[in-house]
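Take a look at the structure below.
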């Protein structure tokens with residue numbers, strides 16, 4: 001499996017896409033997932049621009065995965081209906097021009113934290129109504145819309161979405177597996193990976209940890225190899241999937257609070273079992289010990305620009321070493 005990076009990791013460097021590819025090549029990465037592009041740069045993206053990117057990647061033996069797709073047919077600020085079919089057609093056609101079969105979709109997040117958000121079942125129904133008619137368009141462009149395991153839906157809910165869309169693995173919908181985000185959605189990373197494995201087509205490999213305190217749980221990303229997520233086991237599972245899945249590193253600062261002592265908040269995760277919650281609590285015990293021994297630390301978002309380049313270089317080396325074990 002190839003080890004690459006998501007361009008989001010290096011956002012503070014303000015590199016244009018070609019510069020990101022060059023950075024990846026110079027620092028031992030084997031590809032890039034472009035999860036998003038600066039709006040100013042996006043205005044310059046035409047057929048020639050995309051072919052230049054694809055040609056450079058091909059010449060250097062780098063994989064390319066594209067982004068910009070959406071799966072929630074609402075404006076997440078106003079909750080007014082939004083037509084996402086045109087957006088997805090544009091990014092699917094861009095991906096087809098570059099010869100990549102992956103378009104990542106991440107529409108927003110932390111909706112359960114906002115009492116004004118629609119109920120999850122309503123969102124799933126509306127997503128299915130929007131995505132089902134896009135099936136032929138996506139297949140015509142030979143791309144899979146990969147929904148990231150973000151702070152939106154659990155793997156249980158995404159499986160129900162795929163069922164409502166009449167989708168099958170490898171067809172037009174799939175999963176971008178973000179290994180750390182699973183914790184923030186109260187899922188054990190190993191159990192969640194096993195649940196969704198047939199649908200995984202791309203990844204955000206990210207180590208992380210979880211802390212329990214008086215306010216609830218707090219999750220945060222850490223440098224690869226220093227967290228409590230068993231990335232080695234996840235990579236073994238992905239390797240057993242018998243399809244070409246690239247390991248794309250996504251790392252960043254920040255922390256996320258989960259008020260699990262609030263019955264209303266916890267009720268928004270009806271698929272959470274006692275067994276899986278216990279697994280998360282055990283990871284919290286491991287985190288406590290590693291924080292105490294200074295084996296890991298929480299990186300503030302404001303500190304990320306200063307450390308991002310050096311940390312991503314170490315992430316690349318650590319993940320490659322992990323694969324050799």
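Just so it is clear, none of the values below were taken in a lab; they were calculated from the coordinates. Quantities reported herein were computed from a predicted structural model and do not represent experimental measurements. Backbone-built Cβ (ideal geometry, glycine too); neighbour counts: all protein chains shown.
Key figures for this structure:
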read-out	value
Descending principal axes extents, segment 148-302, alpha-carbon based, whole Å	45, 34, 30
Pair-distance profile P(r), taking every C-alpha pair of segment 204-261, with 10 angstrom steps and integer %	21, 41, 27, 10, 1
Antiparallel DSSP beta bridges within segment 172-320, percent to nearest 5	65 percent
Distribution of pairwise C-alpha distances over segment 90-198, 10 Å bins, in %	14, 45, 33, 7, 0
P(r) weight above 33 Å for the chain, C-alpha pairs, percent	22 percent
R0 of 45 Å, Cβ-Cβ distance residue 262-residue 51: FRET efficiency to nearest 0.05	0.30
Ellipticity estimate at 222 nm from DSSP helix runs (n ≥ 4, -39,500 (n - 2.57)) divided over the chain, nearest 500	-12500 deg cm²/dmol
Two-decimal Rg to Rh for segment 1-74 - Kirkwood Rh, Cα set	0.97
Within the chain, percent of DSSP bridges classed antiparallel, to nearest 5	30 percent
Zero-based 10 Å bins, Cα pair distances in segment 1-134, whole percents	11, 38, 29, 18, 3
Cβ-derived FRET efficiency at R0 35 Å, residue 80 paired with residue 243, nearest 0.05	0.40
Hydrodynamic radius (Kirkwood) for segment 237-325, which is based on Cα pairs only, to one decimal in Å	16.6 Å
Choice from 190, 122, 205 with maximal GNM fluctuation in the chain (Cα, 10 Å cutoff)	122
Label-point separation in nm, residue 14 to residue 114, each point 7 Å along Cα→Cβ	2.8 nm
Gained length - residue 293 relative to residue 307, 0.36 nm times residue gap less alpha-carbon distance	2.9 nm
FRET efficiency, 1/(1 + (r/R0)^6) with R0 25 Å, evaluated for residue 59 and residue 194 via beta carbons	0.10
Among 181, 244, 141: highest mean-square fluctuation, GNM of the chain, C-alpha pairs under 10 Å	244
